[in-house]
1. Where does segment 62-125 land on Rg(C-alpha)/(2.2 N^0.38 Å)?
2. Quick one: order T11, T56 from most to least accessible surface, probe 1.4 Å.
3. What's the extension gain from E126 to T56 if we count 0.36 nm per residue and subtract their Cα-Cα distance?
4. Taking a quarter of the surface of the Cα convex hull of segment 97-139, what do you get in nm²?
5. Sort out for me the Cα centre separation of segment 8-33 from segment 88-122, rounded to whole Å.
Amino acid sequence: MYGDNPVVALTGRYDRVDNFWFTLAHEISNVYAHISISKGEDKIYIDDTSKGRDKTSKKEREANEMAEKLMLKEVIFEYFDDDFDYITEEKVRNFSKAYKLHPSIVVGILAFNNRVSYSTLHRFKEPIRDKIPNKYKAE
């Protein structure tokens, strides 16, 4: 917390557009759902991902679900429902343009949910660190 305001800090561990936006949505979801600002409880909340994806805590699952909602998971699933075996670049780009969502986010949501291989993401990967103004980076 910074005064009475929540603060979200992200690392540059994975320098990818999809990871950055999903992680930011996840952390904002944690703030919204799990930090009681008015009561002054839970002033610090740190994700525990050390146990692996299959043993994720209830709070982490909730934050993931909220982030996926923000990232249009259900809309993506519906749009690509008949194409999980082979998703064309054109279809990804058409969806991205229509919903104003970066192509790597679209494919990242599909890969995270085991609908496509993470290798599908390679052609849409784009770094994020160079797009963040220096004033927002830790020194």
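The values are calculated or read from the model by the stated rules, or taken from the named source; none is laboratory data. Everything numeric here is computed off the predicted structure, so don't read it as measured data. Only protein heavy atoms, including side chains, enter the accessible area calculation; ligands, DNA and RNA are left aside. Shrake-Rupley method; radii C 1.70, N 1.55, O 1.52, S 1.80 Å.
1. 1.01
2. Sorted descending by solvent-accessible area, the residues read T11, T56.
3. 22.5 nm
4. Numbers: hull surface 17.3 nm².
Computing the convex hull of the Cα atoms and averaging its projections yields 4.3 nm².
5. Here the two parts' Cα centres lie 18 Å apart.
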